[in-house]
1. For B:Ile27, what accessible area in Å² do you get when you roll a 1.4 Å probe over the heavy atoms of the protein chains, rounding to the nearest 10?
2. Placing a label point 7 Å from Cα toward Cβ, how far apart in nm is B:Phe22 from its equivalents in the other copies, listed shortest first to one decimal?
3. Quick one: accessible surface of A:Arg118, probe radius 1.4 Å, all protein chains present, in square angstrom to the nearest 10.
4. Roughly how big is the stretch A:1-132's charge dipole about its Cα centre, with Cβ charges of +1 (Lys, Arg) and -1 (Asp, Glu), in debye to the nearest 20?
5. Add -39500 (n - 2.57) for each DSSP H run of 4 or more in the protein assembly as shown, then divide by its residues: what number comes out at 222 nm, to the nearest 500 deg cm²/dmol?
6. Run through the other copies and list how far each one's label point is from that of B:Gly50, in nm with one decimal, shortest first; the point sits 7 Å from Cα along Cα-Cβ.
7. Against the longest principal axis of chain B, how steep is helix B:3-19, in degrees 0 to 90 to the nearest 10, with axes from Cα atoms?
8. Please give the charge dipole size of the protein assembly as shown, origin at the Cα centre, charges +1 on K and R Cβ atoms and -1 on D and E Cβ atoms. Round to the nearest 20 debye.
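The values are calculated or read from the model by the stated rules, or taken from the named source; none is laboratory data. Since the model is a prediction, treat every value here as computed from it, not as a measurement. Reconstructed Cβ throughout: ideal geometry from the backbone, glycine too, with neighbour counts over all protein chains shown. These area figures cover heavy atoms from the full protein model, side chains too; ligands, DNA and RNA do not enter into them. Shrake-Rupley method; radii C 1.70, N 1.55, O 1.52, S 1.80 Å.
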Protein chains: 2
Amino acid sequence: MSATTDRFLRPLLRRLQSTATFSDTVIRTFAELPITIRDFEPGQDILRDGDRPEHCAMVVEGWVCRLKLLPGGGRQIIAFHIAGDMPDLQSLHLGVMDHGLSAVTPATVALIPHDALREQTARRPELAALLWRETMIDAAMFRGWLTAMGRRTAYGRAAHLFCELYLRQRAVGLAEANLCPMPLRQTDLADAMGLTAVHITRTIGALRRAGLIDLQARALTIRDWDGLCRVAEFDPSYLHLKGVAD
Amino acid sequence: MSATTDRFLRPLLRRLQSTATFSDTVIRTFAELPITIRDFEPGQDILRDGDRPEHCAMVVEGWVCRLKLLPGGGRQIIAFHIAGDMPDLQSLHLGVMDHGLSAVTPATVALIPHDALREQTARRPELAALLWRETMIDAAMFRGWLTAMGRRTAYGRAAHLFCELYLRQRAVGLAEANLCPMPLRQTDLADAMGLTAVHITRTIGALRRAGLIDLQARALTIRDWDGLCRVAEFDPSYLHLKGVAD
DNA sequence: CGCCAAATTGAGGCATCTCAAATCCGGTGG
DNA sequence: CCACCGGATTTGAGATGCCTCAATTTGGCG
């Protein structure tokens, strides 16, 4: 197996195995996909609203985000993605991007040509079902965020996001006990939560003073997981992770 | 073809044809699915958070909504669905419901057994791709709502929801020119937009006074479509309808 | 060591909420 | 056909969460 394929396969399988069960045949199919790998700078666009991409991306390393820009200047981050995620899987069957994709940190991304992926999913129902399931989880996470935006206060919303990002990283082996990377600037957090950077500062300060978390040096420390979950009204079932009964 | 099958097929095809192109073989496959039909009262639960359904639903008639309830009493409506929509397609591959499904109006729903649907999608890649695409659009609509919640004021958010609900109904032949059913109570609108029923009253009043819409007798009249779109910062591409270039 | 971006703090303003009262409306019984 | 009832909508007034703008501090990095 080539080094490129290995870099691609390792995070992908880690991610898929955190939510689903599948056969070695599927793994072999992944291994044969003609992928290429590209690096991006922080803030660099990977795909723009309106693009018609010819391949799907998978995050090999670093963080990327999906975002929608409004004519009036509004900026809404709709998802963060880490190693193993496929942030634009929908481009396989929806021609036009209805949002953008950019690197948050320095990021390495594997590109899978649409035609190869279409051919393989048409040939292998198990593969199609597995990736279809990923789309379903994508939608489930939007539901989680939507509920956070609509019915949680800034305080609970921030707690909720930290719960999610910690659990997702832990599920793919990127977190230690009560500690995980958190490379987001307060601007990013603000645009993800529909708040202002200023208010994010105050909100994080409140979470810290409540003894729930610490946030420094691009890392999140969970000081009181149960307390954080309570404040967040956090129910991890929307992540559809294997460990959490599905 | 049985009357039951006909009631099921007509709205489903209308919906699918509004966004995608597909073969007669797929239609025949749909026609052979062993569906059953059930009626629901307004407010009645169709599926609850935590359920493990054995079939997918398709709306034959009426409106249903999907919603998430928070332990603290919060209630967030995450989607409205009309005839032809499949509001719990994700239950095909995600075991547990992470949200509920209830009838908004008196509603008729067709139930498609999971095993039949799994068998047919495994056998027919075109069918799988078509429904997978529906899941992708589902996710796209959540992105649209998420952005509305995060970065639009109550005024723009309401305008946005009305734009969407009008276009979606028109796409499946349920709207006349500048007029469509709108059977939602202000409580429903409030829970969908993350606002209060009281504030919905004031917001709709403002839209009316601005000469953009009228809302009475469970019907929405569009008085100024361009103006409404401008206020909403509405870009219909997230609906991935055929008419709107995809 | 100094620079620039990011984070923090303060003060005043506005959008939306809460609570409470009044009115409207659709359906039902007389 | 009218009177009534309960749920839905509307209106008012005061409270609050988050925003805006502006100034200051911190921290990573050349």
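1. 40
2. Here the equivalent label points are 2.2 nm apart from this one.
3. Answer for A:Arg118: close to 100 Å² accessible.
4. Numbers: 14 positive and 16 negative charges, 45 e Å.
In total the dipole reaches around 220 debye.
5. On the way: 16 runs with 218 residues, N = 492.
Result for the protein assembly as shown: -14000 deg cm²/dmol, rounded to the nearest 500.
6. Taking the point 7 Å beyond Cα along Cα→Cβ, the inter-copy spacings are 4.8 nm.
7. 60
8. Roughly 1060 debye, rounded to the nearest 20.
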